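Everything on this sheet refers to the single structure shown next.
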Amino acid sequence: MNIFPWQTKLWEQLMSAPDKLPHALLLAGPAGLGKQAFAMAMAARLLCEAPLAQGEAGALACGCCSSCNWLATGNHPDFRLVQPEAAEEAGMDEGEQEASAASGAKKAKPKTARVASGPIRIDQIRGLADFVFIGSHRHGRRVVILNPAEAMNPAAANALLKILEEPPASICFILVSDSWRKLLPTIRSRCRIVVFGRPTPALAASWLQAEGVEDVGSLLQLTGGAPLLARDWAQQAVLTNYRKALEPLLLTQDGPVDPVSMAAKWGELLKADSTFDLPQLVDIVQKWVMDLTQVALAGSLRYHLEPAWRDRLEALTKRSNATALLGCDRDLRRIRAVARHPLNTQLFLEDMAARYLRSLSVKNN
Ligand SMILES: [Zn+2]
């Protein structure tokens, strides 16, 4: 299993002396940077019987010993992957796609829906006890990956804490989290926190180009510089949907300018592509409003750097002010919480459009 080019420094820091690793690590940072793939590569290396030599840098797993083969087929007796049960039932999740992509496998399919949204439950953590407290199958290291760690419900988190308080020898817990501040402080304090930063735009762009991704500049801006997210977006034609979803927000003369027709446009878009869902749409509206707020505050744009978008942002900001836009941003964060299961999609869309229009002082119909 391989790592991504922007992870080599972290890999060297951690894996040049694998025997000195603490019992628990927390891989933290924004989504789309390959943390799960990195965790899998660490697990493979720690369990591998014949790691590759790589000069001064920490070596990678060999990929062909019996341990590496067990891991690849999901049958390693000294390895556990704990994730929300919904993700397990649905088969391959985002992280495994990352992992297989990093290892060069081409079988990764674009995910059609985000499935890892359920909790990690206490019985899953209790189920680890036998594994953790009974000796290693092969008298070596054992590895547990928890991803996403913030999905543990409070009971599960407390059960894990008990294990982390008296960690058995030779076990390594690797917690992976996009929102690590949501974890119990007592759990965080038991882990060495490894923060994943975004790669430089040049490195991210060259990797994406090598992956055959087009429109790299826009994708990187809109995903906040996360290369794996950018590649997912490219595979799923998210950028096309993004542009279409943005159209009603531009409030141009030939587009809709009232909540009902804006909602109708969005409704058509959601119907036309089953991989495009309401949370994604709210995310797009949020990003647009964030950039509007940036313009109003004379700050720098984060997402919509294309000249046509930039012009439109400036024109629209003249109809509003930072207070109204910040209020709209707060509203969107609140409704984002119910976007996965709205009571009535049509009303949800109209409400979102109305809030947006109000913040721009446009008269509602
Ligand atoms: Zn191996």
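The Rg/Rh ratio of region 274-361, with both radii computed over alpha carbons and Rh defined as the Kirkwood radius, is 0.98.
Potential lengthening of the chain between R310 and A298 amounts to 3.0 nm, from the contour at 0.36 nm per residue minus the alpha-carbon distance. Shown here for region 273-362: trypsin sites (Lys or Arg not before Pro) in loop regions (DSSP other than H, G, I, E, B) with at most 10 other Cβ atoms within 10 Å, namely K318. For the set K35/K182; K182/K271; K35/K244; K265/K287; K271/K318, the pairs lying more than 27 angstrom apart at their alpha carbons are K182/K271; K35/K244; K271/K318.
Would you mind counting up the charge near L251? Only other residues with Cβ under 11 Å from its Cβ, with Lys and Arg at +1 and Asp and Glu at -1. Don't jump to the answer; show the numbers that get you there.
Values: positive: R312, R319; negative: E247, D254, D258.
Overall, the nearby charge balance is -1.
Over the chain, all Cα pairs binned in 20 Å intervals from 0 give whole-percent P(r) values of 27, 51, 21, 1, listed from short to long.
Rule-based calculations on the coordinates, nothing more; no lab input. Since the model is a prediction, treat every value here as computed from it, not as a measurement. Methodologically, a virtual Cβ is constructed for each residue, glycine included, from the backbone with ideal geometry; neighbour enumeration extends over all protein chains shown.
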